[in-house]
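Working notes, structure below.
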Amino acid sequence: MALYTPISNDQLADVLRRYALPPPDRTLPEPKGSVNTNYHLWSGGRRWFLRLNEGKTVEDVAFEAEVLRFLAREGFPAVPLVLARDGAPQVEVAGRPAMLFAFVEGEELERTDVTPERCRRIGVELGRLHVLVPRFHFTRANPYRWERVSEWVRELEPDGGGDPLVAPCLPMLRQELELSVKLPAVPCGLVHGDLFLDNVLWVGERISGLLDWEMSCIDAFAYDLAVIVNAWCYGERFEPSLARAIVAGYREHATLDDATADALYPHARYAALRYTASRIRAFHLASLPADRLAWKDWTRYRDRLAALRAMGERGFRELIGV
């Protein structure tokens, strides 16, 4: 969600017109993240969220719209997509496919706010999602599959992109690439693919909305669960009470079959590799100035990957309680 494409107030007013909304009373660019350009808009007495999809095709955006339509029908707490006046799920803004979302009340958790009970609740929602997906009939490959991650790592050769902090990490990234070239074949379906703390909104102890479905795709359920374990269960180290709570919550709605359980460890290592490489590329070596990009520390995922490698599969199973 970096600010790649500044938009004038006149352009934003034109966007809202296509949604039958008046010009904005107030606008606020959202620089947090790395993938898209986003704006908070206040119009017609309500707050809205506009996303310009950077580097995505119309087909990518159309898939996300189908996901959100499906989840709305199923009563799942995904962010509501707003249709344009002509019924289209996207409009063109500055040459990019853009989507408008209704603003969802709620707060993001800070790392210190993560508790076993909140981890259980996010595990419950992931289990609900995976149980729903046999009724979803669209398809899209993971946009961050191995081939793309390998390109990111190759871009860092031979010296970490000239950065002395990145260069020592390259041998580990190369080895992980080799090990993850063929991940275990396991049950697949619709996954969120990016369910980090800042993609979940809370009102007290209740989850009010799950955001950012742009990375949703058809992939292994093990990958989705592994991303959450990485994202939610690591402070200074991996915390067993948090990881086991996620798995316990997941099992309240979904079956954790043997194949998926066996695949969680290699998928967890791959997810840590993927986010290490993407954060180096998007933040550490970013070209945008600091006022247009909220920086994230790539070493946090390097440390996760190193911890997963050190604990081995047996240690990982003890961590998550399977």
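The values are calculated or read from the model by the stated rules, or taken from the named source; none is laboratory data. From a predicted model like this one, the values you see are computed outputs, not experimental measurements. Reconstructed Cβ throughout: ideal geometry from the backbone, glycine too, with neighbour counts over all protein chains shown.
Can you tell me which residue among VAL114, VAL91, VAL79 is over 17 Å from the mean Cα position of the chain (by Cα), modelled with pLDDT under 95 and surrounded by 15 or more Cβ atoms within 10 Å (Cβ to Cβ)? I'd like the intermediate steps shown before the answer.
Details: VAL114 fails: modelled with pLDDT under 95; VAL79 fails: over 17 Å from the mean Cα position of the chain (by Cα).
Unique residue meeting the criteria: VAL91.
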What do you reckon, is VAL166 among the β-branched types (Val, Ile, Thr) and at pLDDT 95 or above?
no
Test: ALA226 is in a loop (DSSP other than H, G, I, E, B) and touching a strand residue (DSSP E or B) at 6+ places or on another chain (Cβ under 9 Å)
no
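I'd like the full set of residues that are in a helix (DSSP H, G or I) and of a type in the set (D, E, K, R), limited to region 100-132. Steps first, answer last, please.
Taking region 100-132 first, the residues in a helix (DSSP H, G or I) are 111-113, 116-132.
Matches in region 100-132: ARG111, ASP113, GLU117, ARG118, ARG120, ARG121, GLU125, ARG128.
Please go through region 133-190 and give me each residue that is acidic (Asp, Glu), touching a residue at least 24 places away in the same chain (Cβ under 8 Å) and in a loop (DSSP other than H, G, I, E, B), ordered by number.
Residues of region 133-190 acidic (Asp, Glu): 147, 151, 155, 157, 159, 163, 176, 178.
Those still in the list that are touching a residue at least 24 places away in the same chain (Cβ under 8 Å) too: 155, 163, 176.
The one that is acidic (Asp, Glu), touching a residue at least 24 places away in the same chain (Cβ under 8 Å) and in a loop (DSSP other than H, G, I, E, B): ASP163.
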Filter region 1-46 down to residues that are in a strand (DSSP E or B) and of a type in the set (Val, Ile, Thr) and give me whichever is modelled with the lowest pLDDT.
THR37
